[in-house]
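The values are calculated or read from the model by the stated rules, or taken from the named source; none is laboratory data. The structure presented is a predicted model; accordingly, all values stated were derived computationally and were not measured. As a convention, Cβ positions derive from the backbone with ideal geometry for all residues, glycine included, and neighbour counts pool all protein chains shown.
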Amino acid sequence: MRKTGSIILIALFLLVSCDEIKPEYPDEPVIDYQGFGLFISVDQLGNKSLVGQLTFKFTDGDGNLGLYPLADSSGVNLPDTVKYNFFLQLYDLNNYEYEKVPEEEGGILKYRIPYLDKQPLSGTMDLEISYPVIIHDTIFYTFYIFDRAFNRSNVDTTEVIVLSGIELEEI
């Protein structure tokens, strides 16, 4: 009986003394779309605007996600993959088919994920997209991110977002 108690005590000690096992993720970022919500924002002057909130989960095994802030004039001549690390492509419903909106018409949105440094990285992010004027009525986005080693994540897609019928003046 005493021998059994000693074995259980040693096994319990070994279990308690083990370090927490860190999950292993690939070095390339992985994103997982969670949802898109719309809400009305009111600024200090009482102006209303429509805001969309994109929520996604992410992982990055080597923890090199995010960029340092740019100084006001720096980065002017840098390529987009150095200035930005979050890209969204807008698709608009036109004649019962979704069409990719060209970049020159505002079809590509570019953002900066702030500097993160922890191995491995895992979490949830929210991105707000402002719609001061509603141009398209039925849309969806595809999106992806880059880490600091220029590893590109998978591409994920939002559900269809209906903006028609929203009148900011009436709210």
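The listed residues are VAL133, VAL76, and the only one of them that is modelled with pLDDT under 90, closer than 30 Å to GLY46 by Cα and β-branched (Val, Ile, Thr) turns out to be VAL133.
I'm trying to understand the selection: among the residues of region 136-145, which are surrounded by 15 or more Cβ atoms within 10 Å (Cβ to Cβ) and at pLDDT below 95? Within region 136-145, HIS136 is the sole residue that qualifies.
Where strands (runs of 3 or more DSSP E) fall entirely within region 63-169, those with at least 3 residues that are under 15 Å from the mean Cα position of the chain (by Cα) are at 86-94, 108-111, 121-131, 138-145.
Of the residues making up region 25-39, those that are surrounded by 11 or more Cβ atoms within 10 Å (Cβ to Cβ) and modelled with pLDDT of 90 or more are GLU28, PRO29, VAL30, ILE31, ASP32, TYR33, GLN34, GLY35, PHE36, GLY37, LEU38. Residues in region 20-62 that are over 28 Å from PHE146 (Cβ atoms), in contact with a Lys or Arg (Cβ under 9 Å, 6 or more places away or on another chain) and part of a loop (DSSP other than H, G, I, E, B): 0 in all.
For region 155-168, residues that are modelled with pLDDT of 95 or more, out of contact with any strand residue (DSSP E or B) (no Cβ under 6 Å at 6 or more places or on another chain) and surrounded by 12 or more Cβ atoms within 10 Å (Cβ to Cβ) total 0. So, in region 47-62, of the ones that are under 14 Å from the mean Cα position of the chain (by Cα) and of a type in the set (Val, Ile, Thr), which residue ends up farthest from SER164 (Cα to Cα)? Filtering region 47-62 for residues that are under 14 Å from the mean Cα position of the chain (by Cα) and of a type in the set (Val, Ile, Thr), the one farthest from SER164 (Cα to Cα) comes out as THR59. Residue selection: LEU50 satisfies the criterion of being within 18 Å of THR158 (Cα to Cα), surrounded by 15 or more Cβ atoms within 10 Å (Cβ to Cβ) and modelled with pLDDT under 95.
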